[in-house]
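Following: one structure in structure tokens, then a few remarks.
The values are calculated or read from the model by the stated rules, or taken from the named source; none is laboratory data. Just so it is clear, the model here is predicted, and its values are computed rather than measured. We place every Cβ from the backbone using ideal geometry, glycine too, and count neighbours over all the protein chains shown. Keep in mind that these areas ignore ligands, DNA and RNA; they rest on the heavy atoms of the full protein, side chains included. Shrake-Rupley method; radii C 1.70, N 1.55, O 1.52, S 1.80 Å.
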Amino acid sequence: MASKGPRLGVLAAFLVTLAACGGSSGTTTATDVGITSNSILLGNTIAQSGVAASYGTIANAENAYFTYINNQGGVNGRKINFKILDDAYAPPNAVTLTKQLVEQDQVFAMFSGLGTQTQTSVRDYLNTKKVPQLFVATGATTFDLDYGMHSFTLGWQPPYQGESRIYAKDILANHASAKIGVLYQNDDYGQDYLKGLTDGLGSSASMIIAKEAFDSTAPNVTSQLVKLHAAGVDTLFIFAIPVPTLTALATVTALHWKPNQIYLNSVSNPASYMKFAASKGAAIDGVISVSYIKDPTDPQWANDAGMKLYRTVIANCSTCDANNGFNIYGVAVAYTMVDVLKQAGSNLTRANVMSIAATQLNETNPFLLPGVTVKTSSSDHFPIMQEQVIQWQGGATGGWKLQGSIIDERGTIK
Amino acid sequence: MQELTQQVVSGLANGGIFASLALALVLIYNAMGLVNFAQGEMAMFATFIAFTLINHGFSYWFALPLTVAIAFAGGVLIQRVVIRPVERAPVLTLVIVTLGLATLINGAAGFLFGYVPRVFPSPFSVSTVNLLGAYLSYQDMGVIVVSGVVLVLIYLLLQRTTIGLMMRAAAHHREASRLLGVRVSWMLALGWGLASAVGAVSGIMVAPVLVLEPNLMQTIIIYAFAAAVLGGIESPLGAVVGGLIVGVTVNLAGAYIPFVGGDLQLAVALAIIVGVLIVKPNGLFGRPSVRNV
Amino acid sequence: MQLIQQRLRTAPPRYWLVLVVALFFVGLPTVVSSFQSSEWTQVLIFAIVIMGLNILVGYSGQISLGHGALMAVGAYTSAILIHRYHVDYLVTIPIAGLLTGLVGFLLGIPALRLSALYLALATFALAVVTPSLIKRPVELTGGVQGILIAAPDPPQFAKDAFAAITGGPAMTSDQWMYYVSLFLALLLFWFAWNIVRHRPGRAMRAIRDREVAAATFGINIAAYKTMAFGISAFYAGVAGALYGVTSGFVSPDSFPLALSFQLLVGTVIGGLASIAGPLVGGIFTFWLPIISSQFVSSQPWIPAQIASAFQKAGPAVTYGALLIVIMIFAPNGIVGLVVAGYARLQARLRGAGDRGTGQMPPDPQTV
């Protein structure tokens, strides 16, 4: 009779230990290529020279965040080493450099590779080798949408099609008689946005009465805008990267054209570009866009804890301009990467990290707008699908003002 | 009708941009019988120098002539250091050297100034003027007017001064000019300096209309080549007229020829280059040349 | 037998060098990793296209700044045949070469009317326009989405042979493509060597050096010049097809202006009008960006300031500077430098007694 107590105690202790171990699926520690006892090696290819070089700062900002985390002891005792290689935005370079990172440098995972064509060129290779292609720095919808065929690839930022579906919703709700004209860049970027808008309008797609494409080698977009104006467009969409976007805004004003609404895509909406457009004479008040991330130049975040953290982090990068929207993007996506690594705990295998990223994320990111969560599940592999409509107010010295509430697009893209 | 007028007027505005850079190309050709592939990059770099000066507090009207002077000196320096050693070399060598220069300057600009686009001020305002129902901004007109002024100055220099004569002689009849006492090498340096200065003016005028960044002139230079070739590579007047024609043609082709569309406008410039070179290689205002055994 | 022995004895040292280099390349994948073999495959691919470009520029004296566009023709021909028509990838390579050769030949016709400078201009504009032109026929080229090409599996005989020699892991796709590229490179080098040694080569050199005089000698300028264009395009087409298959993906951004420029640079730096030059050019073209952006910054003995400046300035500044320096000091490229140095060494070794004989130095342009 006296032995029941201790036996129960032993049983209890045994069960508790079992429960504690059960969380990591029975294995206690597991590592993989690119992991040592005190480091994790991540690889990246991005354009740091050539025509797309202005994006190159993103990788430096990500590195700044990793430095910050390393200074605090790293992730579960391991420091993150981040190897950044310049592919000059050309797919053959991306292929060679990615192979190098995987086969020679033996990275654990590829993180935040930039460019739709470049990341498409290495997607099959990485998936065949089962190396995670995490959080690619492009909004091309395919990277989230085609998870079923490429389970080692995942995007992060809201897909372009998701964004333009939000615009479509806004149009149908508030401007049902709009005559839409679209100026779009003739590449995967512009075409993806256009598809989202068209799909989002559904049966009302005929509201788009004119579409003009332009190539990055065109001298400017004036002739396209003249045609859109002449076609009677009163609602203009600009799906272009920053430089042509801001020249387009200036040209619209120069043509004495006052569309009822102008919609800008989120990549080109950082306040610095808007002010640039204003300095060229563009009338930017009332321009609409969407955002999912905090803008460092927005005074409403001056005392925000997340923004303060960002400023601390970005100081680790001597060449990064803290006011550049690309840099807060880099810090935000690096935050998610660290989050995933932390969640993997001691089971640092590629398969586990990929599984967490693609199916178990549920993160509140201090650099994203309040209310936006980074979330994935077994049926939904689009990490960020919420954005908020913003409208520019206050002219050349103003800023973006949040409108309404967060719009959720989860589940709409199949 | 108004759309067509606007397309033409906007095309003229673009044409002014092409013309301003084409003038620099024509100057170099007049000085050494060669087109400088690095002209656009040199113009861009000079504009960045102006930008840096203005950022450090110099007034625009002080920075501008200072930059032009620096650009002149830079052009002379480049000719002395880089071009002179290969003066007598075949065309291929010179082409490659200027291409190397273009790459070097572009990379240096990216390294020194970064790739973020910058605002560059203009003495002209952005407000517009109504021209037969179409709109043209003062800045665009400024580009055309300044190109015209530069054109006149170049014409006067080349055709009405002794120095201009010496320059042209040195370019086309090297040995004979030497015999006549012309300092051929320094004429070439002068030509490079002047072309660089004209390029700087072009960059300073164009940067406010477009955006100041290292890749500013990368595609503009091709349109400028088309303008120079169309007008006759030796003729400054041809450069300006050619520029305006190219600007209007590219706009109209993009707007009204469905095959071209908005995405193949550069191909129109290519077609102009090839077409002119095959049909009438001397362009509109050029003179035929003779090739010796 | 006696003839062979005699030939072997009198063969110039160059021939032995070629044999050694060839053997080196044949044996390379057995001692380096699969990844490193894939890097050398890229070197060989560049060497092939530069060999073709060399025939055009070095031997026939016509400038092309648009060979990237020709590579694109070859790459897309191959990709489209594989993807849409399910043609075997090996068969697509010669087809790509021939089709591109035809395109080049047709390009050569208007090129006849353009002087050196204008030809450079026109081909430069072509190279810039190429990505836009590729995007246009979306049905055919896939537009901006590009075309994916599955990595080819090595055939069984190759796998067996490789396994027998190395006794290690099975032959990878990268290693197989290395051998395919090497085989084609050797074949095409041999072909080029024969062209330049015989009449076409002499005719082209005559055209290059004194065109008007050559015409008076009865050389058919137009025929040889367009032929040079066609041949160099054929090489570019073959290289382009290999480029696409080894990358596994072709897209408009795979053929930017920078590529055309790098090819011309590689040709000149390797050494114009030489057979060995293209190999050096290929090595240079592939390795320079990697060395300038990765190697320099990882060497501990280079001060951090210099290393980071080097890395950030990027390959562009290095390219430009190197190009200018080489054109000024060594217009015959690296091979020219080596040959000149060797000739001087030989003259030294032979002693002062030869100075009076008036012997001409060996011509670096004949092989």
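Some values worked out for this structure:
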read-out: Pairs with Cβ under 6 Å, 6+ apart, first in segment C:318-329 and touching a residue at least 12 places away in the same chain (Cβ under 8 Å), second open to solvent by less than 20 Å² (accessible area, probe 1.4 Å) and among the polar types (S, T, N, Q); value: C:Thr318/C:Ser292; C:Met327/B:Thr93
read-out: All helices (runs of 4 or more DSSP H) inside segment C:108-221 with 3 or more residues being open to solvent by less than 60 Å² (accessible area, probe 1.4 Å), away from chain B (no Cβ under 14 Å) and touching a residue at least 12 places away in the same chain (Cβ under 8 Å); value: C:156-166, C:173-197, C:199-209
read-out: Residues that are over 23 Å from the mean Cα position of the chain (by Cα) and within 9 Å of chain C (Cβ to nearest Cβ), drawn from segment A:82-112; value: A:Pro92, A:Thr96, A:Lys99, A:Gln100, A:Val102, A:Glu103, A:Gln104
read-out: Qualifying position, being within 11 Å of chain A (Cβ to nearest Cβ), among the β-branched types (Val, Ile, Thr) and closer than 30 Å to A:Gly281 by Cα, among B:Val241, B:Val246; value: B:Val246
read-out: Selection within segment A:215-249 - more than 23 Å from B:Met1 (Cβ to Cβ), in contact (Cβ under 8 Å) with a residue 12 or more places away in the chain, hydrophobic (A, V, I, L, M, F, W, C) and open to solvent by 10 Å² or more (accessible area, probe 1.4 Å); value: A:Ile241
read-out: Neighbours by Cβ (under 8 Å, 6+ apart or cross-chain): first from segment A:277-299, surrounded by fewer than 17 Cβ atoms within 10 Å (Cβ to Cβ); second among the aromatic types (Phe, Trp, Tyr); value: A:Asp285/A:Trp392; A:Gly286/A:Trp392
read-out: Residue within segment B:70-77 that is within 14 Å of chain C (Cβ to nearest Cβ) and either in a helix (DSSP H, G or I) or surrounded by fewer than 17 Cβ atoms within 10 Å (Cβ to Cβ) (or both) present; value: yes
read-out: Members of segment A:245-279 that are over 29 Å from the mean Cα position of the chain (by Cα) and of a type in the set (Lys, Arg); value: A:Lys258
read-out: Search result, residues across segment C:77-90 that are at negative phi and open to solvent by 10 Å² or more (accessible area, probe 1.4 Å); value: C:Thr77, C:Ile80, C:Leu81, C:Ile82, C:His83, C:Arg84, C:Tyr85, C:Val87, C:Asp88, C:Tyr89, C:Leu90
read-out: Helices (runs of 4 or more DSSP H) lying entirely in segment B:87-197 (those with 1 or more residues that are closer than 30 Å to C:Gln262 by Cβ and within 14 Å of chain C (Cβ to nearest Cβ)); value: B:91-113
read-out: Residues being on the phi > 0 side of the Ramachandran plot and either assigned to a helix (DSSP H, G or I) or open to solvent by 10 Å² or more (accessible area, probe 1.4 Å) (or both) - total across segment A:120-145; value: 1
read-out: Set B:Val143, B:Val149, B:Val198: member being under 30 Å from A:Val226 (Cβ atoms) and open to solvent by 10 Å² or more (accessible area, probe 1.4 Å); value: B:Val149
read-out: Matching residues, segment B:88-117, being open to solvent by less than 30 Å² (accessible area, probe 1.4 Å), closer than 28 Å to A:Asn327 by Cα and among the hydrophobic types (A, V, I, L, M, F, W, C); value: B:Ile105, B:Ala108, B:Ala109
read-out: Checking A:Thr312 against (1) surrounded by 23 or more Cβ atoms within 10 Å (Cβ to Cβ); (2) over 28 Å from A:Phe143 (Cβ atoms), the condition it does not meet; value: (1)
read-out: The lone exception for B:Leu216 - which of (1) within 26 Å of A:Ser49 (Cβ to Cβ); (2) at pLDDT 90 or above it fails; value: (2)
read-out: Any chance A:Phe237 is within 13 Å of another protein chain (Cβ to nearest Cβ), of a type in the set (A, V, I, L, M, F, W, C) and touching a Phe, Trp or Tyr at 6+ places or on another chain (Cβ under 9 Å); value: no
read-out: Long-range neighbours under 8 Å by Cβ, at least six apart or interchain, first residue more than 12 Å from chain C (Cβ to nearest Cβ) and open to solvent by less than 10 Å² (accessible area, probe 1.4 Å) within segment B:221-238, second of a type in the set (Lys, Arg) and not in a helix (DSSP H, G or I); value: B:Gly232/B:Arg287
read-out: Filter result (open to solvent by less than 30 Å² (accessible area, probe 1.4 Å) and touching a helix residue (DSSP H, G or I) at 6+ places or on another chain (Cβ under 8 Å)) within segment A:338-366; value: A:Val338, A:Val340, A:Leu341, A:Ala344, A:Leu348, A:Val353, A:Ile356, A:Ala357, A:Ala358, A:Leu361, A:Glu363, A:Asn365
read-out: Residues satisfying the stated conditions in segment C:231-255, i.e. open to solvent by 10 Å² or more (accessible area, probe 1.4 Å) and modelled with pLDDT of 90 or more; value: C:Ile231, C:Phe234, C:Tyr243, C:Thr246, C:Ser247, C:Gly248
